[in-house]
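A.B. asks: This is the structure, below, for whatever I ask next.
The values are calculated or read from the model by the stated rules, or taken from the named source; none is laboratory data. All values derive from a computational prediction rather than experimental measurement. Methodologically, a virtual Cβ is constructed for each residue, glycine included, from the backbone with ideal geometry; neighbour enumeration extends over all protein chains shown.
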Amino acid sequence: MTQLPAATLRRLEELRSEFDDLAARFLGYPTNQNFDYSALLPFLDYCVNNVGDPFHESNFATNTHDIERDVIRRFAGLMCLPTDEAWGYVTNGGTEGNMYGLFLARELFPEGIVYFSEDTHYSVLKITRVLRTRNIMIKSQESGEIDYDDLHETIRINRDVPVIFMANIGTTMKGAVDDVLRVREILDDLAIPRSYIHGDAALSGMILPFVDDPQPHTFADGLDSISISGHKLIGAPIPCGVALTRAPYVARIARSIEYVGVMDTTLTGSRNGLTPLMLWLAWERFGTEGFREIVRQMLEVASYAVERLNARGIPAWRHRNSATVVIPRPGADIIEKWQLAPYQDIAHLITMHHVTRNQIDRLAPDPVPTRPAHPARPARRRPGRAPPRHRVCLNEHIGSRPPAAAAPRGGGL
Ligand SMILES: Cc1ncc(COP(=O)(O)O)c(C=O)c1O
């Protein structure tokens, strides 16, 4: 191995030290910085390529398909997807998982219309352009959850066309969860015979399975595919995620695009073989109970952040089961210092596992006496409808907090 020039080493060291400095005040984005994959360093000596379908043979033998299948089974278990039906693969992140879900939906219903709320991640509009699917953006409530009345009316007008619904299982800015049971009620009410629901569960897909009163978020609730990020709650040095769906859907597309003996069921050809190893290692390390504890700690710090900010006179709030703390948009200096994520007149911090109470104290110093917070506005529901029941697939759920309070409009950081 040749020695690297001093200038090259210096540049690398400068970059590393910049990253170190940034890591100390990283509050705004949902990527957990607490991870240790040093056990995988030896695998950097190989070109590990998971090209092809992880559930089939591949001619490229230096792969981690076997490990990838284990990862998919773990996530399938979390999402109430029976093992014999479960199919999925490790993606490059949330966008690819969403694109995969909408690709399957488009293949099943080529003339379908994709419906999604204003609060949906920006990738989704782009995906509909790539896939050339018709799409209609639906109004959001102030909470970030979809406006069910607008959805009902818009589907009613187009009721002869299959519905492809993009459900937010935790919106990017507010952590709001669209109620998929309610969406199914709308589809039933309008007697829509052909529909497909994809869940964008980038962050909350690893929160909701571990709390005791989760919002609907699983295949048992009627989802047809789900995208969950790996580098968000779990944490990883390389962006990654999982796309999950039912094997029969994939069989339909695989038959039409299978070639030269390879099952080409994934979006990209060559695929990262290291990220499945990372997700697998994280599952080995933490298991269900470890993740449950991580989620408990995250939500506890989120609750502390809301209290602390409210005490400072800042109307911070969060949704039930969400680590996304929404605040009025602060000044550019604060946004830059703490790497907060701004959007129009709001910003958020997200209490990922690396975020400490001490950081929250430094973000919101000098508390003043607490002011009472207003309860969160309940989602609008049409009269006469009982709240839908949700099924969970883990045996026990512990550690969630009482419903979040939405604080009044007022001061800022
Ligand atoms: C709700 C949601 N969906 C999708 C994405 C896209 O994920 P990625 O950046 O991994 O492609 C994000 C990213 O933050 C997100 O918050």
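A.B. asks: Somewhere in segment 263-275, is a residue in a helix (DSSP H, G or I), of a type outside the set (Phe, Trp, Tyr) and closer than 22 Å to Pro237 by Cα?
C.D. replies: Applying the first criterion (in a helix (DSSP H, G or I)) to segment 263-275 yields 274-275.
Adding the requirement that they be of a type outside the set (Phe, Trp, Tyr) leaves 274-275.
Then keep just the ones that are closer than 22 Å to Pro237 by Cα; that gives 274-275.
Within segment 263-275, one or more residues are in a helix (DSSP H, G or I), of a type outside the set (Phe, Trp, Tyr) and closer than 22 Å to Pro237 by Cα.
A.B. asks: Something else: Considering (1) in the same structural domain as Ile72 (by TED's automatic domain parsing); (2) out of contact with any helix residue (DSSP H, G or I) (no Cβ under 6 Å at 6 or more places or on another chain); (3) more than 24 Å from Ser204 (Cβ to Cβ), say which one Asp264 fails and leave the rest.
C.D. replies: (2)
A.B. asks: I would also like to ask the following. Quick one: how many residues across segment 107-141 are surrounded by 20 or more Cβ atoms within 10 Å (Cβ to Cβ), away from the ligand (no atom under 12 Å from the Cβ) and assigned to a helix (DSSP H, G or I)?
C.D. replies: Total satisfying the criteria: 1.
A.B. asks: So which residues in segment 179-192 are in contact with a helix residue (DSSP H, G or I) (Cβ under 9 Å, 6 or more places away or on another chain) and either assigned to a loop (DSSP other than H, G, I, E, B) or within 16 Å of the ligand (Cβ to nearest atom) (or both)?
C.D. replies: Asp179, Val180, Leu190, Ile192
A.B. asks: Can you tell me how many residues within segment 112-146 are free of Cβ contacts under 8 Å to residues at least 60 places away in the same chain and within 19 Å of Gln344 (Cβ to Cβ)?
C.D. replies: Restricting attention to segment 112-146, the residues satisfying the condition of being free of Cβ contacts under 8 Å to residues at least 60 places away in the same chain are 113-116, 118-119, 122-123, 125-140, 146.
This time we only want the ones that are within 19 Å of Gln344 (Cβ to Cβ), so: 116, 118-119, 122-123, 125, 137-140, 146.
Counting residues in segment 112-146 that are free of Cβ contacts under 8 Å to residues at least 60 places away in the same chain and within 19 Å of Gln344 (Cβ to Cβ) gives 11.
A.B. asks: Among the residues of segment 85-106, which ones are part of a helix (DSSP H, G or I) and either touching a Ser or Thr at 6+ places or on another chain (Cβ under 8 Å) or free of Cβ contacts under 8 Å to residues at least 24 places away in the same chain (or both)?
C.D. replies: First, the residues of segment 85-106 that are part of a helix (DSSP H, G or I): 85, 94-106.
Matches in segment 85-106: Gly94, Thr95, Glu96, Gly97, Asn98, Met99, Tyr100, Gly101, Leu102, Leu104, Ala105, Arg106.
A.B. asks: In addition: Select from segment 157-175 the residues that are without any contact (Cβ under 8 Å) to a residue 60 or more places away in the chain, crowded, with 17+ Cβ neighbours inside 10 Å and not in a loop (DSSP other than H, G, I, E, B) and write down the one among them that is farthest from the ligand (Cβ to nearest atom).
C.D. replies: Val163
A.B. asks: In this structure, is Leu349 at pLDDT 95 or above, part of a helix (DSSP H, G or I) and either in contact with a Leu (Cβ under 6 Å, 6 or more places away or on another chain) or under 21 Å from Ile169 (Cα atoms) (or both)? Please lay out each step first, then the result.
C.D. replies: Working: at pLDDT 95 or above: yes; part of a helix (DSSP H, G or I): no; either in contact with a Leu (Cβ under 6 Å, 6 or more places away or on another chain) or under 21 Å from Ile169 (Cα atoms) (or both): yes.
Against the criterion (at pLDDT 95 or above, part of a helix (DSSP H, G or I) and either in contact with a Leu (Cβ under 6 Å, 6 or more places away or on another chain) or under 21 Å from Ile169 (Cα atoms) (or both)), Leu349 does not qualify.
A.B. asks: So, in segment 20-40, of the ones that are modelled with pLDDT of 95 or more and part of a helix (DSSP H, G or I), which residue ends up surrounded by the most Cβ atoms within 10 Å (Cβ to Cβ)?
C.D. replies: Within segment 20-40, the match that is surrounded by the most Cβ atoms within 10 Å (Cβ to Cβ) is Leu40.
A.B. asks: Check segment 251-273 and report whether any residue there is exposed (fewer than 15 other Cβ atoms within 10 Å of the Cβ) and closer than 21 Å to Cys80 by Cα.
C.D. replies: Yes, that holds for at least one residue.
A.B. asks: Residues in segment 199-218 that are within 12 Å of the ligand (Cβ to nearest atom) and either outside the structural domain of Ile164 (by TED's automatic domain parsing) or more than 12 Å from the chain's Cα centre (by Cα) (or both): how many?
C.D. replies: Counting residues in segment 199-218 that are within 12 Å of the ligand (Cβ to nearest atom) and either outside the structural domain of Ile164 (by TED's automatic domain parsing) or more than 12 Å from the chain's Cα centre (by Cα) (or both) gives 0.
A.B. asks: Can you find, within segment 69-95, the residue that is farthest from the chain's Cα centre (by Cα) among those that are surrounded by fewer than 24 Cβ atoms within 10 Å (Cβ to Cβ) and within 12 Å of the ligand (Cβ to nearest atom)?
C.D. replies: Ranking the qualifying residues of segment 69-95, first place goes to Asn92.
A.B. asks: Within segment 219-251, restricting attention to residues that are under 23 Å from Val355 (Cα atoms) and in a loop (DSSP other than H, G, I, E, B), which residue is nearest to the ligand (Cβ to nearest atom)?
C.D. replies: To start, the set of residues in segment 219-251 that are under 23 Å from Val355 (Cα atoms) comprises 228-241.
Now narrow it down to the ones that are in a loop (DSSP other than H, G, I, E, B): 230, 236-240.
Details: Gly230: 9, Ala236: 11, Pro237: 14, Ile238: 11, Pro239: 5, Cys240: 8 Å.
Among them, the one singled out is Pro239.
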